[in-house]
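First the structure, in the form of structure tokens, and then the observations on it.
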Amino acid sequence: MEFLRKIYTFLIDTVQTLLLIFAVFLVIYVFLFRPFRVSGNSMHPTFLDKQYILTNLITLRFNKPKIGDVVVFKAPKDKEKDYIKRVIGTQGDTVSIKDGEVYVNSNLLDQSAFLDSSVKTYGGSFLRENEVVTVPPDSYFVIGDNRPGSSDSREWGFLPAELLIGQSFFVYWPLNKMEIIKNPYK
């Protein structure tokens, strides 16, 4: 009888421990950090296809994204998909593309920290070459680092703030690519 009581106590303790671990994981996943798998090459060379990153869900609840931040959001044209892009313009900023270069508020955007100087940026169906757009309130202009291979604000327009999921801050897989994601403008 004593043996059965010890087994019962052990099982109850194990179940309680597993439930506690699950509850902590759930709180972290829902409210703090969420893993995200990069799918495709739209952020190459910054991120590679099938890399895993952690996205901070809390930061954007207290602070708005800034130019240079890498954000994860619901795709504007397909809410079932998540996209990852770099913020290029925030509320009130003007964005234009001229001769393969990005201009924010009429100033050439220095992208040397994350793009090779040979990479050119061209307009799309929303933002055409030599046009200027102003980012409306509660919206962002986002572009993938792989300029020729990215579906971004140049094609589908401004990103509404309500589609933001979080700000990416850490690459954790593969291990040889592990790094903290920094905003090049801070």
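Checking every residue in region 103-123 against the condition of being touching a Leu at 6+ places or on another chain (Cβ under 6 Å) and either open to solvent by less than 30 Å² (accessible area, probe 1.4 Å) or of a type outside the set (A, V, I, L, M) (or both) gives zero matches.
When the residues of region 160-174 are filtered to those that are under 21 Å from residue 41 (Cβ atoms) and more than 12 Å from the chain's Cα centre (by Cα), which remaining residue is surrounded by the fewest Cβ atoms within 10 Å (Cβ to Cβ)? Ranking the qualifying residues of region 160-174, first place goes to 174. Here the condition is being open to solvent by less than 80 Å² (accessible area, probe 1.4 Å) and either free of Cβ contacts under 8 Å to residues at least 24 places away in the same chain or in contact with a strand residue (DSSP E or B) (Cβ under 7 Å, 6 or more places away or on another chain) (or both); of 48, 18, 60, 32, it holds for 60 alone. Scanning region 124-140 for residues that are of a type in the set (Ser, Thr, Tyr) and out of contact with any Leu (no Cβ under 9 Å at 6 or more places or on another chain) turns up 125, 134.
Can you spot a residue in region 141-148 that is out of contact with any Leu (no Cβ under 9 Å at 6 or more places or on another chain) and acidic (Asp, Glu)? So far as region 141-148 goes, no, none of its residues is out of contact with any Leu (no Cβ under 9 Å at 6 or more places or on another chain) and acidic (Asp, Glu).
The values are calculated or read from the model by the stated rules, or taken from the named source; none is laboratory data. All of these numbers come straight from a predicted model, not from anything done at the bench. Ideal geometry is used to build each Cβ from the backbone, glycine not excepted, and the neighbour counts take in all protein chains shown. SASA here: full protein model, heavy atoms, side chains in, ligands and nucleic acids out. Shrake-Rupley method; radii C 1.70, N 1.55, O 1.52, S 1.80 Å.
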